[in-house]
Structures are given as structure tokens and as C-alpha cells.
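Q: Got a structure for you, questions after.
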Amino acid sequence: MILGASTFVEGVDNAFILILAFSFFFLIAITGLIIYFIWRYNNKRNPKATQIKDSISLELTWTIIPIFLVLGMFYYGYVGWIPMKRPPEEGLKVTANARMWSFSFQYENGRTSDKLYVPVDSAVIIRLNALDVLHSFYIPAFRVKEDMVPGLTNNRTWFEATKTGTYNLFCTEYCGLQHSYMLSEVVVMEKEEFKIWYEDTTAVAAVAPEGANMALLGRQLLQSKGCIACHSLDGRDLVGPTYKDAWGTMVNVVTDGQSRQVTYDDEYVIRSIYEPDYDIHEGYRPGQMLSYEGELSDQDIEMIIEFLKTLAP
Amino acid sequence: MSETNTTNQHVSFLKYQGKYKGLLGWILSTDHKRVGLLYLYTMLVFFSTAAILGLLMKLELIAPGMTIMGPQTYNAMFTVHGIIMIFIIVVPGLPAVFGNFFLPLMIGAKDVAFPRLNLLSWWVYVIGILTVLSSQFIGGWPDTGWTFYAPYSFRTPVNILPALFGAFILGFSSILTGINFIVTMHRMRCPGMTWFKMPLFPWTLYATAWIQVLATPVIGITLLLTVMERVMGVGIFNPAMGGDPILYQHLFWIYSHPAVYIMILPGMGVISEILPVFSRKRIYGYKAIVLSSLAIAFVGYFVWGHHMFTSGMSGRALYAFSFLTFLVAIPSAIKVFNWVSTMYKGSLNLQTPFYWAVSFIFVFMIGGLTGLVLGSLATNVHVHDTHFVVAHFHFIVFGGTGFSFMAALHYWFPKMFGRMYDRTWANTGWVIFFSGFLTLYLPMFYLGILGMPRRYYDYLPEFHGGNIISSLGAIAMIAGILIVFVNLIRSSRHGEKVTEKNPWGGRTLEWQTDTPPTLENWETEPTVTEQPYEYK
Ligand SMILES: [Cu+2]
Ligand SMILES: [Cu+2]
């Protein structure tokens, strides 16, 4: 059918093919019959209708045969689905965090990433964690989908990829303004390659290489962490205030119900990221932005600040 | 009615002059036929509005990136499109318009059991609509989708209370109509009309009315709880306050799945009226059709979980939901077999209502068969919440209810207005509409199988091809709708006059009264001796 790259594909596609084959047969047969009747029995060709009595045996036939057919379909659907519900004990464990409107993935050794990196031919068990509203974790090529429900802590799904490559990962549960931009990728690597990636701890510390352009890295962070889904870089008003012409200006905020003015500086940005609801930018709603405590390090924020400076008026 | 004088009894209900004149004579009339037309006109306005929103959405999707609107507008549009189409058009739809107009005529009654309550239902309906529309002025259009899923519905910056409250009020209108119809059918059938001599459209209204009365309160409670949660923060659905968002989905679908049958059953009834008349042949399997309607109404209560296979809901309940979903397909299949058999050896009169009716069977089969894909656990996981679902329910709700509504309109039009529409334009409109419909929705199945999620303002380039075709289909379909509507509206005033009682040669009672019917429908009460579709 379409691109398939996990162990579930066969079961799902078998059910698909069975149901579609039956459907096409039924659709074509009945439609053919209707067209034939229109041609054969229209009132020019057949001016007088023949009245026909009901037949209980015919009614029973076309009740009972379809029951068996749908039972068959039910069975195939069940068989293709049951492995999805039975994750193995052993496997790579990853926590998928979803928030409006980005995914991030956290591995057992502390490594985090905004794409899902996994080894080929190994079970990967995903703990689904939604931080704000419903999202859904969907990888079409793997035939995997499960909603991510805030408050539901033991929700998990799993898969075993069978081919290396890069595949789409979508959020399929409507989650607000930027729902259609909430997507990521799954990168399936050879086991060896994955091991190297996984153990590359320099990525954990996120030490900026000597001489790297801090502002550029900051920009990349805004992109990869999904900040720009709410904060535009070009002055457009999205869910949150734009970054354009913001740095160094005076901002009207509400703190504990009191209006006051603060300067858009290091301190303000750091606090806004770690405790977004402490100062509420006037005209915006609290509770939209979640804290990035633990997800962005002080160094990350430093890079973001470097970038924000380049947007100063 | 005490104030009617004898001369008025021979005047068409359209011309009849009671206590009030002009517009008041309509919006205060308790005549079931006028109430039916009030619903028809209201729906015409809102259907057109929501259809235009649909067209704008398809235009937005014709190319990736921003085309004609921003994401907030788009999200509000699909929400308002859904709310109008579901709560204002399709759920009340056929019962409110054709049920009101034709149920009393078809069972030989003078009116429904409670004419004043009937008028009240229309008023409640209008108040519900105005409440929904008031959201524009109090906090902006809702952007949650018509399903109002928690907890997004508590976090969205826009005010969704008017929409929730409006849907709640619309539910009341639906319950009142349901009660009215049930009592009418129990108490007011004319002499000789036993239950199994009642025509099939009233039968489906009967099954529908029970769903309206029994299921609608659940959505009422759910919407009210959501309002309470949003206003007072009671913490039932919102996980931030210890609530359970999956509970919301259960409650929502406990109503909204049976509601699908509220939408489709009367449509099936209409098709069961039209096919025998245009085949000059008794309906095949009258009892099988009646029983399958009741079976659908009953089993339909127990399948709501098929909307939630990937919701994170746990446990074995999922198998049962899948299994019952497959079973509920059977009664629909039985109907299709009986309809097609009705045409066998008939003498088919190929007129516009017949074309709408057979195309109904075709699109309904596609809707039903793709429902099997969604009912099966493994395949549901892949296509749930993608464009596949959007295509599927448009085939059922728009293909099913919409096509049967058009069929009904073209079938009963001469009786309702005493005029005939232009048949060439009617057929042209049908051809364009039908091909536009297929071009619009068939590619969505393909997009869904490729993995394109629903409620998507923007998409990856790989989904572009299907979307272009689909958007072009939308333009064609809207052109078809326009032709059909203009033809009907024009003909209702200027069409060729019909005075014949029975232009199509129908056998049911509505064809034995004057065209258009007089105020009290009958000069002498009709009696019935045989089955409704006994062609000789
Ligand atoms: Cu989403
Ligand atoms: Cu359903």
C-alpha cells in the first residue's frame, strides 16, 4: 500500500486489503446491478412493472452471509491490532513530551532531542506524556497512533522499525492554533550508528563549540523547541508576543494582579522562560506558555538572548 | 382551530389567512406545514453559510502555506462549519422539515399531536442559533472543533460558552420535536392504518424520535458540565484540576454516535418512499426495512467507543466496540439489498428524485464500506483522525443525509408549493453536484491513507496533489448546489403550476390530498385498507 517500515505494517495492511477488496467487490457489484436495472427496466423498455412478493429466505440469506463476512473482517482487524497493545518488557525506553506545538524526546541516559532517533530492528517503547492539551502521536509509516492525554501517566505505545530512513511523525489530535505545524521526524538508524548517537554525551551538555555563532544557535533553539509557534520573528501577533523589536524595550506586565513596567532584559527573559506566569505581558493570557525548567539550560537561554539582541529595535 | 371559517378550509395552506397577516402569519402559525417550511427556509440560509465556509477552507488548502487566511481564521471556520452543519442542519434536518410537513399527511392526521409545542420547537431552534451566533460578539468565534474536546476547550483564549450554550438549546428543540412525533404516531394514525401499514418514512421518523428523546439529554448534560467547568472550575474534565479528559469523550460520543443515526435514518426513509414510486412497484422487504431501522436505532447506542480506539482508553471494551460496530453495518446493508431489489423488474420513471435517490445509494455504500475500515481495530489506528475520517463522514452525513434531503425536496416539491421545477436544470444541477461531490471527497480517502491528519491548516508538500483535486471538486460542487437552489427557489414562485393531486403516481396518503394541501389537510378523514406501496 503506502510506505511501511515497522513490524505492525503487515497486520494492519492485511486487514486493510481484505476490507478494501470486499468493499470494492460489493460496491462494483451493486452499482453494476443498479446501472443494469436502469437500462433494462426503464419505463420505455419495460412499460409494465412486475410485482414481486417478499421472500423471507432471501432476506435471511442477505442478513446471515454479511454477518459472517463482517466477523471475518473484525477478526483480521483484531489480529493486526493486538500486537500494538502488547509492548515487550525489554527495549529502548523513550519519553515523548508533547506541548503546544512541539514534540521533544527524552532518553533514559538524559539525552534529549526534538527528533525521535531509534535503532532499526529493536523494540522502542514510548511513554506518552502531554503537558497541556490532547495531542496524538502518529507515525504513518509505522501504522502507530495513540493519543497523548494530559494527566494520564501510564500511557504508552511501542514499535519496532524494520527499515532505516527518516519518517514523518504527526500530531493528529487537534490542539489549537499551530496544530498543523506540530510535526517531527523519526530517524531510524543502524544499531551501531544509533549507539554512537546515543552515547554522544557532549550533546547533553550542549556546549557550544568554540567560535560558534551564539545568536545562530539561539535561533535554531527557538525553532527546535517550538517557541516560534507562539512567538513570531517578524512582528506578527501569534499566541504570545513577537520577538521583533522587543529586546531592551519597556514592557507592560501584570504581576500578581498589579500592572507594572519592566525592561526586556536578561532577567526578564530568564524568568519568562522558567516561570512564564510570573509576569504576564499585558494583552496576553496566562497559562498558555509552560515552563521550560529542566528543558532549557542556562546556556541555552544565553544563546536565545544573543539572538533576541539581534532583533532589538 | 376555532377561528377558522369554512371558506378557509378550501384554501391552500400557503394562502390561508388566520389571525395574523404576512410574516407574523408564518412565524406564529402552528400549522405543521408552515412550521416545516419555516425550518426549511432557516436551514437554507445556514446551510449556504456553512457551505461557503467549507468552500473557503478548501480554497485555503489548494496550496501549502498560507493561501487566503491565517490559521486562527481557518480553525474558527472548521469549528463554525461543523457546529452549523451538525447541530443546525443535519441533526434537525429531515425530521424538522419533511417530518413536520409530511408526517401528519402520510398518516392521515390533521396536524401533529401538539401543534403549539411544534411551533415552540422552531422558536427554541432559532434562539439556539442566535446564541451560537452571538459568540462573534462575545469573545470571538470558537476554535475548538465541533467536538469541544477537553482540555483544549478550557485553554483556548476564545470564549466558547455561547457556542456550547447554543448547542445545548438546540438539543431542546430536538427533544421537543421527538416527543411530538412519537405521540403523533401513537395517537393520530387514521382509521385502518395499523403500525405495519404505516409508510416507511414515518417509521424511520419514529426510530429517530426515540433516539432524539433518549440520547439528546446526554449531550445536554455534557455541554452543561463543560460550561460549569469553564465558569466555575469544578474539575470534571480538566486534568489540570484533577479531571479526566477521556470521560468527556465518552459522554460526548454516547450522544454523538447515535446522533449519526438521527441524521441518516430519516434519509433512508425518504429513499424507501421514492424508490417504489419511481419503480411503479411495491417496496421489496417492507418489514425487513422497518426492523432494520429499529435495529440500527438500538445497536447504535452501543458503538460510541469506535471514536476512541486510540484515545488512551484502556481495556477489553475496545473489542466489543469494534465488534458491535461491524454488526451495526448489517441493517444498513439489508436496506441497500431491498432497495435494489425494489428496482428489479420495475418500470423505472427516470426523474430527478429518482436520480438523487440512486446516487444516494451509491454514496451511502461508499460511506458505509469505508466505515468498515474505521470499525476494524488495526486499520482504525492508521486512519483515525486523518482525512480518511473526514471523507467517510462527509459521505455518510452529506452524501447520506444531504442527497436524501435533495431527493425529498425534488420529490415533494410539487405538493409543497403547487408548482413544478424546471426538470432540465434540476438534472443538470444534480450531475454537476454529484461529480463535484465525488471529486471533492474521494481524494480525501487517499490523503488519509497517506497519513494527512485532519483539522489541518497547512500540510507537507507530499499531500499537495490530492488537495488540489479535492479543492477543484469543491468549486464544482458549490456550482451544482447553486444551480439546484436557484432552480428550486425560482420555481417555488414562478414554476409551472401543478393542481393534480398526484403528479408522480404515489400510493401514500400525502398524494391523495389537494396540491398544495389545505389548512386541515383533509376534507374527509382518509381511511386505509392496504399496505402503503401496493402497486397493481
Ligand atoms: Cu495537534
Ligand atoms: Cu460513530
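The values are calculated or read from the model by the stated rules, or taken from the named source; none is laboratory data. Treat the numbers as computed from the prediction; the structure is a model and nothing was measured. Backbone-built Cβ (ideal geometry, glycine too); neighbour counts: all protein chains shown. With ligands, DNA and RNA removed, areas are computed over all heavy atoms of the protein, side chains included. Shrake-Rupley method; radii C 1.70, N 1.55, O 1.52, S 1.80 Å.
Q: What about residue B:458, is it under 23 Å from residue B:83 (Cα atoms), surrounded by fewer than 20 Cβ atoms within 10 Å (Cβ to Cβ) and within 12 Å of chain A (Cβ to nearest Cβ)? Walk me through it before giving the result.
A: Details: under 23 Å from residue B:83 (Cα atoms): yes; surrounded by fewer than 20 Cβ atoms within 10 Å (Cβ to Cβ): yes; within 12 Å of chain A (Cβ to nearest Cβ): yes.
Yes: the conditions hold for residue B:458.
Q: Moving on to the next point. Can you confirm whether residue A:275 is at pLDDT below 85 and closer than 18 Å to residue A:131 by Cβ?
A: Details: at pLDDT below 85: no; closer than 18 Å to residue A:131 by Cβ: yes.
No, not satisfied.
Q: A further question on this structure: Taking only pairs six or more apart or across chains, which ones have beta-carbon atoms under 6 Å, a first residue in region B:253-277 that is in contact (Cβ under 8 Å) with a residue 60 or more places away in the chain and over 14 Å from residue B:393 (Cα atoms), and a second residue that is among the small types (Gly, Ala, Ser) and within 16 Å of ligand 2 (Cβ to nearest atom)?
A: From region B:253-277, the pairs are B:267/B:400.
Q: Can I ask one more? Looking at (1) out of contact with any Leu (no Cβ under 6 Å at 6 or more places or on another chain); (2) crowded, with 21+ Cβ neighbours inside 10 Å, find the lone condition where residue B:210 falls short.
A: It is condition (2) that residue B:210 fails.
Q: Give the number of residues within region A:49-79 that are facing chain B (nearest Cβ under 7 Å), of a type in the set (A, V, I, L, M, F, W, C) and touching a residue at least 40 places away in the same chain (Cβ under 8 Å).
A: Of the residues in region A:49-79, 1 are facing chain B (nearest Cβ under 7 Å), of a type in the set (A, V, I, L, M, F, W, C) and touching a residue at least 40 places away in the same chain (Cβ under 8 Å).
Q: Name the one entry in B:400, B:368, B:429 that is within 25 Å of residue B:476 (Cα to Cα), assigned to a helix (DSSP H, G or I), away from every other protein chain (no Cβ under 11 Å) and modelled with pLDDT under 95. It would help to see each step written out before you state the result.
A: Working: B:368 fails: away from every other protein chain (no Cβ under 11 Å); B:429 fails: modelled with pLDDT under 95.
Every option except B:400 fails the conditions.
Q: Is it the case, given these coordinates, that residue B:246 is away from ligand 1 (no atom under 16 Å from the Cβ) and more than 14 Å from chain A (Cβ to nearest Cβ)? I'd like the intermediate steps shown before the answer.
A: Values: away from ligand 1 (no atom under 16 Å from the Cβ): yes; more than 14 Å from chain A (Cβ to nearest Cβ): no.
No: the conditions fail for residue B:246.
Q: Which condition does residue B:200 not pass, out of (1) within 14 Å of chain A (Cβ to nearest Cβ); (2) open to solvent by 10 Å² or more (accessible area, probe 1.4 Å), if it passes all the others?
A: (2)
Q: Is it the case that region B:111-134 has a residue that's in a loop (DSSP other than H, G, I, E, B), buried (at least 19 other Cβ atoms within 10 Å of the Cβ) and more than 11 Å from chain A (Cβ to nearest Cβ)? Lay out the reasoning, then the answer.
A: Looking only at region B:111-134, we keep the residues that are in a loop (DSSP other than H, G, I, E, B), and these are B:111-114.
From the residues that got through so far, the ones that are buried (at least 19 other Cβ atoms within 10 Å of the Cβ) too are B:111-112.
Of the ones still in play, those that are also more than 11 Å from chain A (Cβ to nearest Cβ) are B:111-112.
Scanning region B:111-134, I find at least one residue that is in a loop (DSSP other than H, G, I, E, B), buried (at least 19 other Cβ atoms within 10 Å of the Cβ) and more than 11 Å from chain A (Cβ to nearest Cβ), so the answer is yes.
Q: Consider residue B:350 carefully, then state whether it is surrounded by fewer than 21 Cβ atoms within 10 Å (Cβ to Cβ) and either at the interface with another protein chain (Cβ under 9 Å from one of its Cβ atoms) or modelled with pLDDT of 95 or more (or both).
A: Numbers: surrounded by fewer than 21 Cβ atoms within 10 Å (Cβ to Cβ): yes; either at the interface with another protein chain (Cβ under 9 Å from one of its Cβ atoms) or modelled with pLDDT of 95 or more (or both): yes.
Here the answer is yes, as residue B:350 does meet what is asked.
Q: Out of B:290, B:358, I need the residue that is more than 16 Å from ligand 2 (Cβ to nearest atom), modelled with pLDDT of 90 or more and open to solvent by 10 Å² or more (accessible area, probe 1.4 Å). Which one? Quick ask: steps written out before the conclusion?
A: Working: B:290 fails: open to solvent by 10 Å² or more (accessible area, probe 1.4 Å).
Being more than 16 Å from ligand 2 (Cβ to nearest atom), modelled with pLDDT of 90 or more and open to solvent by 10 Å² or more (accessible area, probe 1.4 Å) holds for just one of B:290, B:358, which is B:358.
Q: Related question: When you go through (1) over 14 Å from residue B:94 (Cα atoms); (2) buried (at least 23 other Cβ atoms within 10 Å of the Cβ) one by one for residue B:243, which number turns out not to apply?
A: Single failed check for residue B:243: (2).
Q: Hey, does region B:115-128 have a residue that's of a type in the set (A, V, I, L, M) and in contact with a Phe, Trp or Tyr (Cβ under 7 Å, 6 or more places away or on another chain)? It would help to see each step written out before you state the result.
A: Restricting attention to region B:115-128, the residues satisfying the condition of being of a type in the set (A, V, I, L, M) are B:117, B:119-120, B:124, B:126-127.
Keeping just the survivors that are in contact with a Phe, Trp or Tyr (Cβ under 7 Å, 6 or more places away or on another chain) gives B:124.
The answer is yes; a qualifying residue exists.
Q: Going by the structure shown, is residue B:528 among the hydrophobic types (A, V, I, L, M, F, W, C) and assigned to a loop (DSSP other than H, G, I, E, B)? Steps first, please.
A: Working: among the hydrophobic types (A, V, I, L, M, F, W, C): yes; assigned to a loop (DSSP other than H, G, I, E, B): yes.
Taking the combined requirement at face value, the residue satisfies it.
Q: A further question follows. Note down all Cβ pairs under 9 Å where the first residue falls in region A:298-312 and is in contact (Cβ under 8 Å) with a residue 24 or more places away in the chain, the second is assigned to a helix (DSSP H, G or I) and charged (D, E, K, R), and they're at least six residues apart or on different chains.
A: A:301/A:266; A:302/A:266; A:303/A:219; A:304/A:219; A:305/A:266; A:307/A:219; A:310/A:219
Q: Moving on. Considering only residues that are under 11 Å from the mean Cα position of the chain (by Cα) and of a type outside the set (Phe, Trp, Tyr), which ones fall in region A:131-153?
A: In the first step, residues of region A:131-153 are kept if they are under 11 Å from the mean Cα position of the chain (by Cα); the result is A:134-140, A:144-148.
A:134, A:135, A:136, A:139, A:140, A:144, A:145, A:146, A:147, A:148 - these are the residues of region A:131-153 that are under 11 Å from the mean Cα position of the chain (by Cα) and of a type outside the set (Phe, Trp, Tyr).
Q: Looking for whichever is open to solvent by less than 10 Å² (accessible area, probe 1.4 Å) and either within 14 Å of chain A (Cβ to nearest Cβ) or farther than 28 Å from residue A:137 by Cα (or both) here; the options are B:479, B:474. Which one fits?
A: B:474
Q: Taking the condition of being among the β-branched types (Val, Ile, Thr) and within 11 Å of chain B (Cβ to nearest Cβ), how many residues in region A:170-189 meet it?
A: Taking region A:170-189 as the starting set, the residues that turn out to be among the β-branched types (Val, Ile, Thr) are A:172, A:186-188.
Cutting the leftovers down to within 11 Å of chain B (Cβ to nearest Cβ) gives us A:172.
Adding up the residues that qualify gives 1.
Q: Right, here's the next one. Output the residues belonging to region B:251-281 that are at pLDDT below 90 and either within 16 Å of ligand 1 (Cβ to nearest atom) or over 19 Å from the mean Cα position of the chain (by Cα) (or both).
A: B:251
Q: Just to verify a result, which residue in region A:36-54, among those that are assigned to a loop (DSSP other than H, G, I, E, B) and of a type in the set (D, E, K, R), is surrounded by the most Cβ atoms within 10 Å (Cβ to Cβ)? Walk me through how you get there before you give the answer.
A: Within region A:36-54, the first condition is being assigned to a loop (DSSP other than H, G, I, E, B), and the residues that meet it are A:43-54.
Subsequent filtering for residues that are of a type in the set (D, E, K, R) retains A:44-45, A:48, A:53-54.
Working: A:44: 9, A:45: 11, A:48: 9, A:53: 6, A:54: 15.
Among those that are assigned to a loop (DSSP other than H, G, I, E, B) and of a type in the set (D, E, K, R), it is A:54.
Q: Being among the acidic types (Asp, Glu) and at pLDDT below 90 narrows it down to one of A:146, A:160, A:108, so name that one. Walk me through it before giving the result.
A: Working: A:146 fails: at pLDDT below 90; A:160 fails: at pLDDT below 90.
Just a single option satisfies the conditions, and that option is A:108.
Q: Right, residue B:302: in contact with a helix residue (DSSP H, G or I) (Cβ under 6 Å, 6 or more places away or on another chain), open to solvent by 40 Å² or more (accessible area, probe 1.4 Å) and at the interface with chain A (Cβ under 10 Å from one of its Cβ atoms) or not? Steps first, please.
A: On the way: in contact with a helix residue (DSSP H, G or I) (Cβ under 6 Å, 6 or more places away or on another chain): yes; open to solvent by 40 Å² or more (accessible area, probe 1.4 Å): yes; at the interface with chain A (Cβ under 10 Å from one of its Cβ atoms): no.
It is false that residue B:302 is in contact with a helix residue (DSSP H, G or I) (Cβ under 6 Å, 6 or more places away or on another chain), open to solvent by 40 Å² or more (accessible area, probe 1.4 Å) and at the interface with chain A (Cβ under 10 Å from one of its Cβ atoms).
Q: Sticking with this structure for a sec: Return yes when residue B:318 is open to solvent by 20 Å² or more (accessible area, probe 1.4 Å) and more than 8 Å from chain A (Cβ to nearest Cβ) and no when it is not. Spell out the reasoning first.
A: Numbers: open to solvent by 20 Å² or more (accessible area, probe 1.4 Å): no; more than 8 Å from chain A (Cβ to nearest Cβ): yes.
Answer is no for this residue.
Q: Name every residue in region A:237-262 that is free of Cβ contacts under 8 Å to residues at least 60 places away in the same chain and farther than 19 Å from residue A:286 by Cα, in order of residue number. Lay out the reasoning, then the answer.
A: The initial filter retains those residues of region A:237-262 that are free of Cβ contacts under 8 Å to residues at least 60 places away in the same chain, namely A:237, A:240-242, A:250-262.
Residue satisfying the conditions is A:250 alone.
Q: Still on this structure: Would you please list the contacts, defined by Cβ atoms under 7 Å and residues six or more apart or on different chains, that run from a residue in region B:450-472 that is touching a residue at least 60 places away in the same chain (Cβ under 8 Å) to a residue that is part of a loop (DSSP other than H, G, I, E, B) and within 16 Å of ligand 2 (Cβ to nearest atom)?
A: Within 7 Å, the pairs are B:453/B:385; B:454/B:385; B:455/B:145.
Q: Looking only at region B:67-76, how many residues end up being open to solvent by 30 Å² or more (accessible area, probe 1.4 Å) and more than 11 Å from chain A (Cβ to nearest Cβ)?
A: Here is the first cut: in region B:67-76, the ones open to solvent by 30 Å² or more (accessible area, probe 1.4 Å) are B:67-68, B:72-73.
Subsequent filtering for residues that are more than 11 Å from chain A (Cβ to nearest Cβ) retains B:67-68.
Total satisfying the criteria: 2.
Q: Could you check residue A:151 against (1) free of Cβ contacts under 8 Å to residues at least 24 places away in the same chain; (2) part of a strand (DSSP E or B) and say which number it fails?
A: All conditions are met except number (2).
Q: Output yes when any residue across region A:151-169 is at positive phi, within 13 Å of chain B (Cβ to nearest Cβ) and either open to solvent by 10 Å² or more (accessible area, probe 1.4 Å) or aliphatic (A, V, I, L, M) (or both), and no when none is. If you could, list the steps in order and put the result at the bottom.
A: Let us first name the residues in region A:151-169 that are at positive phi, namely A:151, A:165.
Among the residues that remain, those that are also within 13 Å of chain B (Cβ to nearest Cβ) are: A:151.
Among the residues that remain, those that are also either open to solvent by 10 Å² or more (accessible area, probe 1.4 Å) or aliphatic (A, V, I, L, M) (or both) are: A:151.
Scanning region A:151-169, I find at least one residue that is at positive phi, within 13 Å of chain B (Cβ to nearest Cβ) and either open to solvent by 10 Å² or more (accessible area, probe 1.4 Å) or aliphatic (A, V, I, L, M) (or both), so the answer is yes.
Q: Right, another one. What is the residue count in region B:128-170 for residues that are in contact (Cβ under 8 Å) with a residue 60 or more places away in the chain and on the phi > 0 side of the Ramachandran plot? First the steps, then the outcome.
A: From region B:128-170, those in contact (Cβ under 8 Å) with a residue 60 or more places away in the chain are B:129, B:140-151, B:153-154, B:158, B:160-161, B:163-167, B:170; that's our starting set.
Add one more test, that the residue is on the phi > 0 side of the Ramachandran plot, and what stays is B:140, B:145, B:148.
Within region B:128-170, residues that are in contact (Cβ under 8 Å) with a residue 60 or more places away in the chain and on the phi > 0 side of the Ramachandran plot number 3.
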